[in-house]
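Trainee: Take this structure, written in structure tokens, and hold onto it; I'll ask about it next.
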Amino acid sequence: MDSPRDALERLHARIEGTMDSGRKAAIAKRHAKGYRSARENVAELSDEGSFIEYGQMAVAAQRMRRDYEELKSATAADGIITGLATVNSELHDKGSSKAALIVNDYTVLAGTQGYFHHKKLDRILEVAQAQNLPVIMMTEGGGGRPGDTDALTQIAGLNITSFSAWAGLSGKVLRIAVNNGYCFAGNAALFGCADIKIATQHSWIGMAGPAMIEGGGLGSFKPTEIGPVDVQSGNGVIDIVVNDEVEACAAARKVLSYFQGDLRDWSAGDQNTLIDGLPEDRRYSYKIRSLIEILVDQDSFVELKPLWGTAMVTGLVRIEGRAMGLIANDCRVLGGAIDAVAAEKTAAFLRFCEAQSMPVLALGDTPGFMVGPESEKDAAVRHFSDLFVAGAQLKTPLVTVFLRKGYGLGAMAMAGGSFAKPNYCVAWPSGEFGGMGLEGAVQLGFKKELDEQETPDARKALFDSLVAESYERGKATEAAAHLEIDAVIDPVDTRKIIVAALN
């Protein structure tokens, strides 16, 4: 029988075989691709010395076909590292900084999902739910693994609970997925279910890999032809694109911080420059992101899905250290009109904020919803209506600030469906309001008078005067005077007013 010291030595040797130092050939191959090892990513995500691992001794369920000693190293931890750690404890207290970490190890059977792999995943998800912990998952891998011959009590393995357990955490705990490299089939399903999805430029994400696609008679493709980043960021699958794994881990830590609490230390730009961001001519566009950067705490704006639904900006920000979700119209896209895709994007984001009990700041400048036959082909009615449903269901605090245009149903959608919905609905002095865009309203409402004009010049003169009259009637101060909005504010006071309204 083993002496206690012999058992301890064997334990150290077994653990060493699962570490990078004990798997030098596999790690060198990984580094040769310019990628980091799974354990290096665990260290990058977690605070130093805080990681407690679950299931480190696991190997692939292949003892019947492979030497057990080989499995200990070649299939270390069965290709998935799971555990608990603190993240951002330098910013937040120990309780708030606790998180669950799941990092797939591509050096083990291409990161595929096997029998014990799934059992480890299920175990840590149970722990995360029981302790109400956020989860960061790195998803690189090739999907299901057909070679686990030791699993004799299953046929297809379709009764596993990993996917339903992960999806079932939606709305209960924050789930952040991070990917670098190939992410196919089951791994892609996990990536897609997350609340926030981060990917490096060297990511390929698809619901099937090359073998499955070819096996289904759909053609032969290289893995780099399936779900590249430009495709998956342009269609809204990916929220944040970064250069490499180091930046991906940093982005995951930063995003997680917004849901761990407020920050005591913050700084902001010169609020007197906000008004300079608006052009003198109301018909001209401006850079909404530049205004956002001035308005919110410095370095706090994290945009989500910037290449999809581009008529709307969505993201995470802080004001005076307080975290909140942000939605804003981009007047450089469709003049700020909200199209079907932007509505879909915004409705999903509002539901996410509601699930995470995160307040929402809306910056409005829109002529309304995008309409017309082409818009209807994109299911405009369904998506616009869903945006109203998402706004109506919002219980978390909402503050809406109209920077300029606020017209029609689109403007109401920026206020949760009604100007009476937000905690505070205000406008800058440049705000203007109406049931529809001024020009369209004049053309529709005064068609008879305009048609009666004898010359094009006379028609234009009448049109311009009617637009000017409508503009005067719809000024922010008049809307406030008629109690359609709560106040007109000096842009320099926007930050403190938002904080006061949220409090």
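Trainee: Give just the number: which of (1) closer than 25 Å to Val360 by Cα; (2) surrounded by 13 or more Cβ atoms within 10 Å (Cβ to Cβ) does Leu450 not satisfy?
Mentor: (1)
Trainee: If I ask for residues that are over 17 Å from Ala251 (Cα atoms) and under 17 Å from the mean Cα position of the chain (by Cα), which ones from the stretch 178-219 would you list?
Mentor: Ala188, Ala189, Leu190, Gly192, Cys193, Ile205 - these are the residues of the stretch 178-219 that are over 17 Å from Ala251 (Cα atoms) and under 17 Å from the mean Cα position of the chain (by Cα).
Trainee: If a residue has to be buried (at least 19 other Cβ atoms within 10 Å of the Cβ) and more than 12 Å from Val296 (Cα to Cα) to count, how many in the stretch 487-496 make the cut?
Mentor: 3
Trainee: So, of the residues in the stretch 74-94 that are of a type in the set (Gly, Ala, Ser), farther than 22 Å from Phe259 by Cα and without any contact (Cβ under 8 Å) to a residue 60 or more places away in the chain, which turns out to be surrounded by the most Cβ atoms within 10 Å (Cβ to Cβ)?
Mentor: Looking at the filtered set, the residue picked out is Ala76.
Trainee: If you take the residues in the stretch 14-43 that are acidic (Asp, Glu) and crowded, with 17+ Cβ neighbours inside 10 Å, which one is farthest from Val246 (Cα to Cα)? Full working, then the answer.
Mentor: Step one: of the stretch 14-43, the residues acidic (Asp, Glu) are 16, 20, 40.
Cutting the leftovers down to crowded, with 17+ Cβ neighbours inside 10 Å gives us 20, 40.
Working: Asp20: 18, Glu40: 10 Å.
Looking at residues that are acidic (Asp, Glu) and crowded, with 17+ Cβ neighbours inside 10 Å, I get Asp20.
Trainee: Could you give me the residue pairs with C-beta distances under 8 Å whose first residue belongs to the stretch 342-363 and is under 12 Å from Leu387 (Cβ atoms), whose second residue is among the acidic types (Asp, Glu) wherever it lies, and which are 6+ apart or on separate chains?
Mentor: The qualifying pairs are Ala343/Asp386; Glu344/Asp386; Ala347/Asp386.
Trainee: Show me the strands (runs of 3 or more DSSP E) found entirely inside the stretch 258-348 where at least 3 residues are in contact with a Leu (Cβ under 7 Å, 6 or more places away or on another chain) and either in the same structural domain as Ala411 (by TED's automatic domain parsing) or surrounded by fewer than 16 Cβ atoms within 10 Å (Cβ to Cβ) (or both).
Mentor: Qualifying strands (runs of 3 or more DSSP E): 312-319, 322-329.
Trainee: Of the residues Leu101, Leu125, only one is assigned by TED's automatic domain parsing to the domain that holds Val241, in a strand (DSSP E or B) and over 23 Å from Met212 (Cα atoms); which?
Mentor: Numbers: Leu125 fails: in a strand (DSSP E or B).
Result of the check over Leu101, Leu125: Leu101.
Trainee: A further question on this structure: If Ile136 passes every condition in (1) buried (at least 24 other Cβ atoms within 10 Å of the Cβ); (2) part of a helix (DSSP H, G or I) but one, which one does it miss?
Mentor: (2)
Trainee: List the residue pairs whose Cβ atoms are under 7 Å apart, where the first residue sits in the stretch 377-394 and is not assigned by TED's automatic domain parsing to the domain that holds Thr346, the second is assigned to a helix (DSSP H, G or I), and the two are 6 or more positions apart or on different chains.
Mentor: As it stands, the answer is none, since no pair meets every condition given.
Trainee: For the stretch 52-73, give me each residue that is buried (at least 18 other Cβ atoms within 10 Å of the Cβ) and touching a Leu at 6+ places or on another chain (Cβ under 7 Å).
Mentor: Of everything in the stretch 52-73, those that are buried (at least 18 other Cβ atoms within 10 Å of the Cβ) and touching a Leu at 6+ places or on another chain (Cβ under 7 Å) turn out to be Val59, Ala60, Gln62.
Trainee: Still on this structure, please answer the following. Among the numbered conditions (1) over 13 Å from Leu304 (Cα atoms); (2) in contact with a Lys or Arg (Cβ under 9 Å, 6 or more places away or on another chain); (3) outside any helix (DSSP H, G or I), tell me where Val246 comes up short.
Mentor: Tallying (1) over 13 Å from Leu304 (Cα atoms); (2) in contact with a Lys or Arg (Cβ under 9 Å, 6 or more places away or on another chain); (3) outside any helix (DSSP H, G or I), Val246 fails exactly one: (3).
Trainee: Another question, then. When only residues in the stretch 445-503 that are without any contact (Cβ under 8 Å) to a residue 12 or more places away in the chain and not in a helix (DSSP H, G or I) count, which is nearest to Glu320 (Cα to Cα)?
Mentor: This residue is Asn503.
Trainee: When residues of the stretch 360-387 are filtered for being surrounded by fewer than 23 Cβ atoms within 10 Å (Cβ to Cβ) and assigned to a loop (DSSP other than H, G, I, E, B), how many remain?
Mentor: Selection size over the stretch 360-387: 4.
The values are calculated or read from the model by the stated rules, or taken from the named source; none is laboratory data. Only a predicted model underlies this, so the values are computations on that prediction, with no experimental measurement involved. Counting neighbours? That spans all protein chains shown, and the Cβs are built from the backbone with ideal geometry, glycine included.
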